[in-house]
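Read through the structure below, which is laid out as structure tokens, and then see the notes.
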Amino acid sequence: RLKSLKDSHLYLREGITFEILDKIAYAESDIEAGEKMRIEKKNIFKS
């Protein structure tokens, strides 16, 4: 994991913190994220 690397914060873009990334990651479950992605893919490839 990125967090386990020495000086891992140096690999993040300016203004991005692990706290911000954690909030995004834990905002929804894998199932919810997958469902959103499935719906968006369906919309993109609609004829």
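Counting only pairs 8 or more residues apart or on different chains, how many lysine pairs in the chain have their Cα atoms under 24 Å apart?
4
If you build the convex hull over the alpha carbons only and average its shadow over all orientations, what do you get for segment 2-44? Give it in nm² to one decimal.
That works out to 4.2 nm², a quarter of the Cα hull's surface.
Report, to the nearest 10°, how far helix 30-44 tilts away from the longest principal axis of the Cα atoms in the chain, using its own Cα long axis and a range of 0 to 90°.
That works out to roughly 50 degrees.
Rule-based calculations on the coordinates, nothing more; no lab input. Quick caveat, the model's predicted, so the values are computed rather than measured.
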